[in-house]
Structure formats: structure tokens, C-alpha cells
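J.: I have a structure here, written as C-alpha cells, and I will follow up with some questions on it.
Values in this text are rule-based calculations from the coordinates and carry no lab data. Keep in mind the model is a prediction, meaning the values are calculated, not measured. For neighbour counting, all protein chains shown are included, and Cβ atoms are generated from backbone atoms with ideal geometry for every residue, glycine included.
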Amino acid sequence: MSSIRVNPYVLSDLLADLNTTQRQADTASLQMATGSRINKPSDDPAGAAEMVGNAAQTARADSFLRSIGSINGLLQAADSTLGSVVTALQRAISLGVEGANGTLSDSDRADVAAELSGIQQQLMSLANASYQGEFVFAGTETVQPFIADATSPSGVTYQGNTTTNTVQIGENYALQVNVPGSQIFTGPSGNVFQSITDLINALQTNNNIGGAVTEVSNAFTYVTGQRVFYGNAINQLQAQHNVINTDKLNLATAANSISATDMAQAATAFSQAEIALNAELAGISRISQVSLFDYLK
Amino acid sequence: MSSLLATMHLATGAMAVDQGALEVTANNVANVNTPSYSREVPVLEESTPVVLGNLTYGTGVKLGEVHSIRDAILQLRIQQETGQQGQLNAFVSAMNQAQTLFAAGTGDIGSQISNLFSSIAQLSTNPVSISLRQGVLTAASNLASSFNHIASNLSAQRSSLDLNVAQSVQQVNTLAQQIAGLNGQIAALENIGRDASTFVDQRDDLINQLSALIDVSEIKSDSGITLTTSNGTALVTDTRSYSLEMQADAAGVQHIISQGSDITSTINSGTLAGLIQVRDQTLPGLLNRLDTLAAGLATAFNRANASGFDLNGNAGGDFFSPPSAAVAGAAANMAVAITDPALIAASSDGSAGSTGNLANFSAIQNQTVIAGATPTDYYANLVFNVGNDVSNGTAELQSAQLVLQELQDQRGSISGVSLDEEAANMVQYQRAYDSMARVVTSINQMLETVIDMGTT
């Protein structure tokens with residue numbers, strides 16, 4: 001007799017198989033429970049490393065979105081403040097035109113000048129506008145940008161600086177978020193405070209009122225031009241908001257393809273493992289402890 | 001011609017042999033579940049024949065020896081594979097613990113780095129806000145704690161591996177002593193020509209256990225076996241065993257000393273090899289890379305903070321406590337140097353509302369400040385390496401287990417007790433015994449006939 005002898009101890013093999021199957025079932029159920037097929041770096045080292053990069057990029061996209069949200073308020077506040085400035089200047093121009101009418105008496109012109117003084121003060125308060133406790137037009141200083149100053153020809157002095165801030169709203173995309181008050185209100189081609197002061201003087205002295213009105217009108221044009229900056233910035237924020245949301249969607253799609261559990265696959269793997277497990281258990285319980293001894297009488 | 005009495009003698013002798021063979025079968029069946037038992041077979045031999053004239057008569061059967069069925073080469077391969085498995089097992093289970101520290105989550109270093117940069121981006125929208133400044137400090141201190149936590153965890157793991165090494169060395173010593181003892185018993189039995197297979201089985205089992213702990217080479221000699229580690233350090237020579245000793249180095253790490261020489265780094269198989277590999281290479285390597293990352297980040301942040309002005313208009317100081325010149329320990333000791341949120345140097349010109357210098361902080365995430373890589377890339381690579389170590393180790397472990405399983409199967413097919421086979425043998429010996437008994441009965445009747453011949 002020379003048949004090949006087989007290993008009579010089958011149980012250890014079966015137990016090892018059982019162990020493997022059990023592990024497969026555990027892995028599949030963990031993948032289904034967490035929704036991720038990478039639950040520790042060794043599950044897919046390259047995928048885990050990619051996920052680190054993906055998570056970092058997603059975090060940056062989130063932080064850009066938060067920054068966009070935060071500065072949007074600031075830019076809106078600045079824009080609407082400048083809107084009020086423009087309206088005030090329009091009113092000043094029509095007052096100036098009214099004052100230039102030769103039929104007005106001195107006291108009528110004094111009334112107009114008084115109203116203009118009110119506008120001057122309103123403009124002062126607008127130029128010192130603040131958002132969340134911070135002055136909007138002080139450059140990067142935190143002091144009140146414009147104060148009344150009798151020694152200055154325009155009646156005010158600028159205490160801010162001419163520095164601008166930028167905020168990152170995308171990779172390599174830094175958006176300028178402020179224009180210094182000196183540039184907006186006291187520009188060389190249109191000085192708000194100077195022009196109003198000149199108009200008041202012209203009305204009081206009834207001298208060259210038309211020239212002063214032109215000056216205010218120049219300031220109006222100039223400030224309107226400056227306001228465009230904020231409008232543009234707000235538009236850029238909105239555009240960038242959409243761009244980053246698209247980026248986030250792409251990142252999420254990438255993360256999904258790197259690490260998300262293929263539910264159908266995991267469920268199939270789980271039920272396969274379960275079937276195998278049952279079969280193995282049934283097999284083990286049936287591996288008979290039957291031998292030739294049972295048949296000997 | 002032969003005599004009736006001689007035939008009777010032959011028959012009873014054969015009955016004794018069958019009984020002996022049945023005893024071997026019984027012993028095999030009794031040991032069916034004994035680990036490392038090698039089945040035994042009775043070796044039946046013809047007795048020396050008698051020559052009378054021109055006739056040669058057989059004189060029956062004798063039990064030559066009881067032989068253990070084992071394959072020495074297979075045993076050796078099992079030992080090697082057991083050692084391989086022991087090493088991989090120790091490596092994988094230790095590194096499995098370590099890798100959980102690098103699993104993606106809310107507290108991992110990667111997210112903490114992102115959180116810090118996000119908090120700085122937030123600050124750039126309102127640089128004078130104390131709460132946003134505080135947010136930056138909190139994120140920085142969370143990052144530092146993450147480094148501290150992981151570094152101290154890895155160090156603690158090294159210490160516990162140190163304990164495991166000491167325990168394994170103790171087991172090696174105990175096993176070596178037992179093997180030396182068995183060597184003596186085997187030699188004593190074999191010297192007087194007796195079968196020592198029971199002790200040989202036991203010794204094989206112990207050598208197997210020893211191989212699971214440390215690399216073992218086996219040299220057979222007349223008076224037993226000599227066991228050495230692969231670099232030639234003796235563990236057992238015949239009836240003598242040599243204890244391994246432990247000696248702590250300056251850093252408190254236990255080294256393994258054999259007869260005065262340090263063999264720690266030469267052990268290349270078994271649990272000890274795996275433990276030592278993780279303790280002396282993998283974990284220190286990981287710690288070193290964490291230190292590099294921590295030191296690189298701290299230096300970059302300190303440089304960024306120093307290039308701007310704080311809320312009070314003063315030049316910025318250190319952001320993190322500066323890492324010492326040696327990188328070692330940077331992760332364990334990382335800490336935020338400033339407690340006053342106003343001291344974050346956001347301003348580039350000294351004006352409180354400037355965010356110009358924050359760009360220098362944000363830029364760090366794209367700069368190759370850590371050994372030629374950006375912080376995130378460096379950390380991602382670290383995660384890859386940890387995962388790769390574990391995943392390779394696990395794959396190797398699984399294949400080693402398969403090989404070992406296969407070898408055990410082979411051993412079973414050669415040395416394992418098959419109940420069917422033993423039952424068949426039993427029937428066979430019993431039948432032979434019965435037949436011989438019948439022969440004795442016949443001869444008895446024949447003898448009666450002979451005796452009766454005189455009386456009638």
C-alpha cells in the first residue's frame with residue numbers, strides 16, 4: 001500500500017480558515033459602519049497619505065469660505081457707507097446750485113451754508129464709520145481716522161495710514177479689503193471735506209459759488225469711482241465663493257474615490273464572509289469525530 | 001523436521017509480538033491529541049530461521065523496534081518558519097498600536113496643522129480681535145499637545161516593549177534549561193540502546209517554542225544537540241545551557257548579553273527580533289520624523305512671528321518655544337511660547353490693524369520647510385510609511401502563517417496519528433493474535449493426540 005498519507009488533524013486548518021473568514025467579516029462590517037475603507041493607515045498606506053493632503057486642502061477651502069464670509073460684512077458696510085457719502089454729496093451739489101441762484105438773499109444763503117455744515121458733519125461721521133468696533137477707513141490703524149481740525153484748510157485731519165490689508169480668499173488669491181480713508185475722502189482730484197468747506201465759504205462770501213459747486217461735483221465723481229473698488233471686491237468674493245464651493249465638491253469627490261466604502265462591495269463581502277463562516281462552522285461541527293473505530297463491533 | 005513444541009513456541013512468540021504491536025497502536029491512539037507527538041510504528045522482523053538438513057524453517061516473528069515517524073528536515077523548516085512568524089507577529093502587533101496614533105480623525109497632527117493655519121486665516125479678517133487671536137493660540141497649543149501626546153505614547157510603547165524583551169529573554173533561558181535537561185535524558189537512554197522518542201518529541205516541541213522567540217541553529221552531535229543563535233552564540237551545548245542576560249544602556253534600554261557580548265542587534269528571527277526591531281529602529285525612526293516635523297514647524301513659525309509686529313507695535317518674539325539645536329525631543333517638548341494673544345505678530349508695519357505679516361504664517365503651508373517637504377506633505381509621507389510598515393508586515397505575516405500551516409500539514413501527514421489507520425492496525429494485530437491462538441489450540445489438540453497414543 002503506497003497511497004499518500006493525509007494529515008489527520010484537519011481542525012487546525014479549519015480553525016485558521018475560520019479566523020481568516022471572521023477577519024474578512026469584521027473588516028467588511030467596520031467599512032460599512034464607518035463608511036470609510038481606510039480606518040487605519042495600513043488599510044491603504046498610499047490612500048491614507050492622499051487623505052492627509054485631501055483633508056488639508058479641504059480645511060483650507062473651508063477656511064477661505066469662512067474668510068469670505070467674515071470680510072463680506074466689512075466690505076458691505078464700507079460700500080453702503082460710501083453709498084451714503086455719495087447721496088450726501090448729491091444733496092450738497094443741489095444745495096450749491098440752489099445757493100448759486102442770484103435771487104437768494106444773504107440770509108437764504110446762510111441757511112444753505114448751515115445745512116451744508118450739517119452735511120459736512122454727516123460726512124465726517126460716515127468717514128469715521130466702524131464695523132464690528134473697527135474703523136473702516138483708517139488704513140491699518142485702529143484710531144479714529146478723521147478729526148475736526150480748525151488749523152487744516154479742509155477743517156479735518158486724517159489720522160489713519162495709507163496701508164491696505166489683504167485677505168486670502170483662494171490659493172495665491174489675496175484680495176485687498178480696504179482703501180485708506182485718505183485716498184477716498186481727501187484725494188488730489190476730489191477732496192470731499194475741502195470741497196464742502198470751500199462751498200460753505202463761497203456761500204458765506206457769495207464769491208465763486210459756481211466754482212465751489214464744480215469742486216463738490218468733482219469730489220462726488222471721485223468718491224463714486226472709489227466706491228467701485230468695494231463693489232468689485234464684493235463681486236470677487238461672490239465669484240470666489242462659488243469657485244471654492246466647486247473646489248470643495250471636487251475634493252469631496254476625490255476623498256470619496258480614495259477612501260469611501262463601496263457599500264455594495266462591502267455588503268457583498270460581508271454576506272459572502274457570513275456564508276463562508278456558516279459553512280465552515282457547519283463543517284467543523286460535522287467533521288466527524290467518526291473513525292473506523294465506530295464501525296468495529 | 002520441526003517439533004510441535006517448537007511450533008507452539010513460535011505461536012506464543014508471535015502472540016507476544018502482536019500484543020506488543022497492539023500496545024504501540026494503543027499508545028498512538030492515546031496520544032492522538034498530544035502536541036508534537038510523532039506516531040510510532042512497530043517494526044516486525046522475521047526471526048532467524050533454523051536450517052535442518054536441506055530444509056529451512058522459519059521461526060516466527062519478533063518485534064525489532066518501535067520506530068517514531070518523523071522528518072528531521074521538516075522539523076527544521078517548521079522551526080525556521082515559526083521564528084519568522086514570531087518576529088512578524090511581534091512587529092505587526094506593536095506597530096498596529098503605533099499606527100492608531102496616525103489614523104485620520106479630529107485630533108491627528110494633520111488636522112491640527114490645518115486648524116492652526118485656518119485660525120490664522122480667520123485672524124487675517126480682523127487682526128485686532130482678541131478672540132480670533134486667542135483662537136490662533138488655542139490651535140497652536142492643540143497642535144503642540146498632539147505632538148506631545150504622540151511622542152509620549154511612542155516612548156511609552158518603547159518602554160513596554162523593553163519589558164516584553166525582558167520577559168522573552170526569561171522564556172528563552174527557561175527553555176534552554178529544559179532542552180539541556182532533555183538532552184541529558186535522551187543521551188542516557190540512547191547510550192543503552194533504548195528508544196528515547198518520547199523525549200525527542202518533547203525536545204522538538206521546546207525547540208519550536210524557542211525558535212518562536214529567538215533565531216536558533218541546531219547542530220546534532222553524538223551526545224545530543226547544540227543550539228546557537230545565528231551569529232554563533234551558544235544557548236545549549238549538550239547538557240549545558242547558557243543564560244542570556246539583560247543590561248540597560250545609558251538611555252535605559254535593555255540589551256541582551258550572552259557570555260559578555262552584546263547580541264541585541266544580531267538577533268534576526270523570533271519574537272525578540274520583532275520586538276527589538278520595533279523598539280530600536282521603527283519607533284525611534286518615527287519619533288525622529290515627528291521631531292523633525294515639530295522642530296521645522298516651530299522654527300518656521302518663530303521666523304514668521306519675528307518678521308512682524310504684535311498688537312502693541314513691538315517686534316514679534318518666539319511663537320513656539322524654540323527647539324534645541326538637536327532635533328531630538330522636539331515633538332515631546334513642543335510648547336507655545338506666548339500666552340498673551342496680543343503678542344501674535346500679525347502686523348507688518350507696527351500698525352495694529354495690519355495683517356501684512358500673517359501672509360508669512362500662511363505661506364508656511366506651501367513652503368518646503370520640513371526636510372524639503374511642506375508640513376502636510378511631510379506628515380502625509382509619515383502616515384504612508386507607518387501604514388506601509390504595518391501593511392507589509394501583515395502581508396508577510398499572513399504568508400508566513402500559510403507556509404507554517406502547510407508545513408504543519410506535512411508534518412501531520414507524516415507524523416500524525418490517524419485513528420482509521422490505528423483501527424485497521426488494531427484489527428490486523430487482533431486477527432493475527434486470534435489466528436495464532438487458534439494455532440496454539442490446534443497444537444494442543446495434536447499434543448493430546450500424541451499423549452493419547454501411548455494410553456490406548
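J.: What's log10 of I(q)/I(0) for region A:98-146 at q = 0.21, 0.29 Å⁻¹, Debye sum over Cα points only, no solvent?
T.: With one equal scatterer per Cα and no solvent, log10 I(q)/I(0) is -0.70, -0.99.
J.: Next up: What is the Cα coordinate range of region A:188-284 on the first, second and third principal axes, sorted by size from largest, in whole angstrom?
T.: Its Cα atoms span 114, 17, 15 Å along the three principal axes.
J.: Now for a different question. Taking Cα pairs under 8 Å and at least six residues apart, what relative contact order does chain A come out at, in percent? Please list the in-between numbers first.
T.: On the way: 349 pairs, mean separation 81.9, N = 297.
The normalised contact order for chain A reaches 28 percent.
J.: Shifting gears a bit: For the pair B:Thr455/B:Ser399, report the inter-label distance in nm, with labels modelled 7 Å from Cα in the Cβ direction.
T.: 8.4 nm
J.: Under 18 Å between alpha carbons, and skipping anything fewer than 8 positions from A:Lys297 in its own chain: which aspartates and glutamates qualify?
T.: Cross-link targets: B:Asp420, B:Glu421, B:Glu422, B:Asp434.
J.: With n ≥ 4 as the cut-off for DSSP H runs, can you work out [θ] at 222 nm for chain B, using -39500 (n - 2.57) per run divided by the number of residues, rounded to the nearest 500?
T.: Details: 11 runs with 269 residues, N = 456.
Computed mean residue ellipticity for chain B: -21000 deg cm²/dmol.
J.: Take the Cα pairs of region B:272-347, get the Kirkwood Rh, then feed it into Stokes-Einstein at 37 °C and 0.692 mPa s and tell me D in µm²/s.
T.: Stokes-Einstein gives a translational diffusion coefficient of 238 µm²/s.
J.: Related question: Once each part is reduced to its C-alpha centroid, what is the distance from region A:99-174 to region B:184-198 in angstrom?
T.: Each part's Cα centre sits 111 Å from the other's.
J.: List the residues of region B:1-37 whose backbone N lies under 13 Å from a point placed 7 Å from the Cα of B:Tyr57 along the Cα-to-Cβ direction.
T.: Under 13 Å, as judged by backbone N against the label point of B:Tyr57, lie B:1-11 of region B:1-37.
J.: D for region A:70-253, whole µm²/s, Stokes-Einstein with Kirkwood Rh over alpha-carbon pairs at 4 °C and 1.567 mPa s: what number? Working shown, then result.
T.: Values: Rh = 17.7 Å.
In µm²/s, the coefficient rounds to 73.
J.: Among A:Ser36, A:Ser63, A:Ser285, whose mean-square fluctuation peaks in a Gaussian network model of chain A (Cα, cutoff 10 Å)?
T.: In the Gaussian network model the winner is A:Ser285.
J.: Other chains near B:90-102: what is the mean number of their Cβ atoms within 10 Å of each residue's Cβ? Can you show the working numbers first?
T.: Numbers: counts 0, 0, 1, 0, 0, 2, 2, 0, 1, 6, 3, 1, 5.
Whole-number average of other-chain Cβ neighbours for B:90-102 is 2.
J.: Please state, as a whole number in µm²/s, the translational diffusion coefficient that the Stokes-Einstein equation yields for region B:76-405 at 37 °C and 0.692 mPa s, with Rh defined as the Kirkwood radius across alpha carbon pairs. All intermediate terms of the calculation are to be shown ahead of the outcome.
T.: Details: Rh = 23.0 Å.
D = 143 µm²/s.
J.: Summarise the partner chain shielding of A:31-43 as one whole number: the mean count of Cβ atoms from other chains within 10 Å of each residue's Cβ.
T.: Values: counts 0, 0, 0, 0, 0, 1, 0, 3, 3, 10, 18, 16, 5.
That works out to 4 on average.
J.: Calculate the mean, over all residues of peptide B:404-412, of how many other protein chain Cβ atoms lie within 10 angstrom of the residue's Cβ.
T.: Details: counts 1, 4, 2, 0, 5, 6, 1, 2, 8.
Taking all residues of B:404-412 together, the mean is 3.
J.: In square nanometres, what is the average projected area of the Cα convex hull of region B:93-202?
T.: Numbers: hull surface 37.8 nm².
Computed as one quarter of the Cα hull surface, the answer is 9.4 nm².
J.: Work out the FRET efficiency for A:Lys248 and A:Val10 from their Cβ-Cβ distance, taking R0 = 51 Å, and round it to the nearest 0.05.
T.: Details: r = 55 Å, r/R0 = 1.09.
FRET efficiency, A:Lys248 to A:Val10: 0.40.
J.: Just order B:276-283, B:189-196 by mean Cβ neighbour count inside 10 Å, highest at the front, would you?
T.: Numbers: B:276-283: 21.1, B:189-196: 12.2.
In decreasing order of mean packing, B:276-283, B:189-196 become B:276-283, B:189-196.
J.: May I ask you to sort A:Lys248, A:Lys40 by Cβ crowding, counting other Cβ atoms within 10 Å and putting the fewest first? Could the numbers behind the result be given before it?
T.: Details: A:Lys248 16, A:Lys40 19.
The fewest-first ordering by Cβ neighbours comes to A:Lys248, A:Lys40.
J.: Sticking with this structure for a sec: Around B:Ile225, which amide H atoms from residues at least 5 apart in sequence, or from another chain, sit under 5 Å from its own amide H, with H modelled in the peptide plane?
T.: When sequence neighbours closer than 5 places are left aside, the close amide H contacts are B:Asp238.
J.: While we're on this one: Once amide H atoms are built 1.01 Å from N in the peptide plane, which residues 5 or more positions from B:Ser47, or in another chain, come under 5 Å H to H?
T.: B:Thr59, B:Gly60, B:Val61, B:Lys62
J.: Evaluate the distance, in nm, between pseudo-label points positioned 7 Å from the Cα of B:Glu406 and of B:Asp71 along their respective Cα→Cβ axes.
T.: That separation, rounded to one decimal, is 1.2 nm.
J.: Which FRET efficiency value, to the nearest 0.05, is calculated for B:Gln430 and A:Asp294 with the Förster distance at 22 angstrom and r the Cβ-Cβ distance?
T.: Details: r = 16 Å, r/R0 = 0.75.
So, using R0 = 22 Å, E works out to roughly 0.85.
J.: Please identify, among A:Phe220, A:Phe270, A:Phe229, the residue showing maximal mean-square fluctuation in a Gaussian network model of chain A using a 10 angstrom Cα cutoff.
T.: Evaluated over chain A, the most mobile residue of the options is A:Phe270.
J.: Name the long-range amide H neighbours of A:Tyr131: under 5 Å, sequence gap of 5 or more, or other chain; modelled H, no Pro or chain starts.
T.: Result for A:Tyr131 returns A:Val136.
J.: Relative to the first principal axis of the alpha-carbon coordinates of chain B, what is the inclination of helix B:419-455, with its axis defined by its Cα atoms, in degrees from 0 to 90 and to the nearest 10?
T.: 10 degrees
J.: Let me ask you something else. Could you tell me which residue out of B:Ser217, B:Gly274, B:Gln99 lies farthest along the dipole of region B:76-405 toward its positive end? Charges go on the beta carbon: Lys and Arg +1, Asp and Glu -1, centred on the Cα centre.
T.: B:Gln99
J.: What FRET efficiency would be calculated for the residue pair B:Ala371, B:Ser243, taking the C-beta separation as r and a Förster radius of 41 Å, to the nearest 0.05?
T.: Working: r = 44 Å, r/R0 = 1.07.
After rounding to 0.05, the efficiency reads 0.40.
J.: What is the helix-to-structure angle for B:130-191, meaning the angle in degrees between its Cα long axis and the longest Cα principal axis of chain B, kept from 0 to 90 and rounded to the nearest 10?
T.: The two axes meet at around 20 degrees.
J.: Shifting gears a bit: When the C-alpha atoms of region A:1-151 are aligned to their principal axes, what extent does each axis show, in angstrom, from largest down?
T.: 140, 30, 19
J.: Where does the Debye-calculated log10 I(q)/I(0) of the protein assembly as shown sit at q = 0.07, 0.08, 0.09 Å⁻¹, using only Cα point scatterers of equal weight, no solvent?
T.: -0.75, -0.87, -0.98
J.: Hey, in the GNM for chain A with a 10 angstrom Cα cutoff, which one of A:Gly181, A:Gly133, A:Gly170 fluctuates hardest?
T.: A:Gly133
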